[in-house]
1. Go through 161, 153, 175 for me and flag whichever is modelled with pLDDT of 90 or more, crowded, with 16+ Cβ neighbours inside 10 Å and within 16 Å of residue 94 (Cα to Cα).
2. Since residue 91 meets every condition but one in (1) in contact with a helix residue (DSSP H, G or I) (Cβ under 7 Å, 6 or more places away or on another chain); (2) closer than 20 Å to residue 54 by Cβ, which condition does it not meet?
3. Only one residue in 13, 47 is touching a strand residue (DSSP E or B) at 6+ places or on another chain (Cβ under 8 Å) and farther than 22 Å from residue 213 by Cβ. Which one?
4. Would a scan of the stretch 352-365 turn up a residue that is part of a helix (DSSP H, G or I), crowded, with 16+ Cβ neighbours inside 10 Å and free of Cβ contacts under 8 Å to residues at least 24 places away in the same chain?
5. From (1) more than 22 Å from residue 255 (Cα to Cα); (2) surrounded by 15 or more Cβ atoms within 10 Å (Cβ to Cβ); (3) modelled with pLDDT under 95, pick out the condition that doesn't hold for residue 288.
6. Which helices (runs of 4 or more DSSP H) sit wholly inside the stretch 266-312 and have at least 1 residues that are within 17 Å of residue 256 (Cα to Cα)?
7. Among (1) over 22 Å from the mean Cα position of the chain (by Cα); (2) on the phi < 0 side of the Ramachandran plot, which single condition is residue 302 missing?
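The values are calculated or read from the model by the stated rules, or taken from the named source; none is laboratory data. Quick caveat: nothing in here was measured; it's all calculated off a predicted structure. Cβ sites come from the backbone with ideal geometry, for glycine too, and all protein chains shown count toward neighbours.
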């Protein structure tokens, strides 16, 4: 992980633990499952990179000439924790929709509940696990909003906090609609294959904006950033988020499951309408297309199917085409940040350097 992120991560991890420790008695008063969920969410969040949470701090420091003092340091850690709760809820629900059983190197949350139900000899362990997973994701969302609306800021900053909460709610509602379209376009979905413009639109709103734009703008709002700063971070975040999703697609096929924490054939099993898949099918001849149609959407494509897809993506140039898109979006994001009105001070300078590192990491990461 990048040095900036390594330095910022422990503060957010500590904030997550403190928030859940304080929430556990209230949750546990309803049912012992509440206490268990607090523990499960803590383990789940701590297993992630916490990129979204750290980006709140980065957005703040890009718009502030001074490093945050003790009060703002705590505020940024808690706001970052809220972003991680949103991320947890989205991933828990995403794993249900994608029928994934592994996340971050462990069983997905709904799969854990399913396993417990099977051990207890429930009548329908699968439905039981999915139902509890939905509930767990919902709790994570509401915890996140509770944290945002209760940020310990000076009274004069109250309007900024309300802006952050409103902006986050708006962005997450867009994620929901984009997720709906992604599900409909998936395996067994409805309608024809989306074209690249449609795929990229889903990427922007399903992943790109909430991954980068939302936390970056949240930090900028807390810093009282200018309209120019807010607009640049919003657009740069969206572009970088698309890069992040394109890289996820690549890792979903070519990545190491031990590093990514997910099965390598997940997107193939769900017949995800990724840009990689689009360019592969567009370049395939009739014989290859017929074989690919047997593999994509198969519940068990097996290693030989996965390997055929990998080779075909290389030979048809599909992977290279997607790499070109990644480079293009990364350059555009870099240009947006370069256009930011300069802030004096070492804090803003260090933040700009960290953002440049983030461009490279987003394209080159292996997990």
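1. On the way: 161 fails: within 16 Å of residue 94 (Cα to Cα); 153 fails: within 16 Å of residue 94 (Cα to Cα).
Being modelled with pLDDT of 90 or more, crowded, with 16+ Cβ neighbours inside 10 Å and within 16 Å of residue 94 (Cα to Cα) holds for just one of 161, 153, 175, which is 175.
2. Of everything listed in (1) in contact with a helix residue (DSSP H, G or I) (Cβ under 7 Å, 6 or more places away or on another chain); (2) closer than 20 Å to residue 54 by Cβ, residue 91 misses just condition (1).
3. Numbers: 13 fails: touching a strand residue (DSSP E or B) at 6+ places or on another chain (Cβ under 8 Å).
Testing whether each residue is touching a strand residue (DSSP E or B) at 6+ places or on another chain (Cβ under 8 Å) and farther than 22 Å from residue 213 by Cβ leaves just 47.
4. no
5. Result: residue 288 passes all but (3).
6. On the way: elements: 266-269, 275-283, 286-295.
Counting at least 1 such residues, we get 266-269.
7. With respect to (1) over 22 Å from the mean Cα position of the chain (by Cα); (2) on the phi < 0 side of the Ramachandran plot, residue 302 is out only on (2).
Listed here are the residues, each with its yes/no results for (1) surrounded by 15 or more Cβ atoms within 10 Å (Cβ to Cβ); (2) within 18 Å of residue 213 (Cβ to Cβ); (3) modelled with pLDDT of 90 or more.
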position: 293; (1), (2), (3): no, no, yes
position: 301; (1), (2), (3): yes, no, no
position: 310; (1), (2), (3): no, no, yes
position: 314; (1), (2), (3): no, no, yes
position: 321; (1), (2), (3): yes, no, yes
position: 327; (1), (2), (3): no, no, yes
position: 337; (1), (2), (3): yes, yes, no
position: 340; (1), (2), (3): yes, yes, no
position: 344; (1), (2), (3): no, no, no
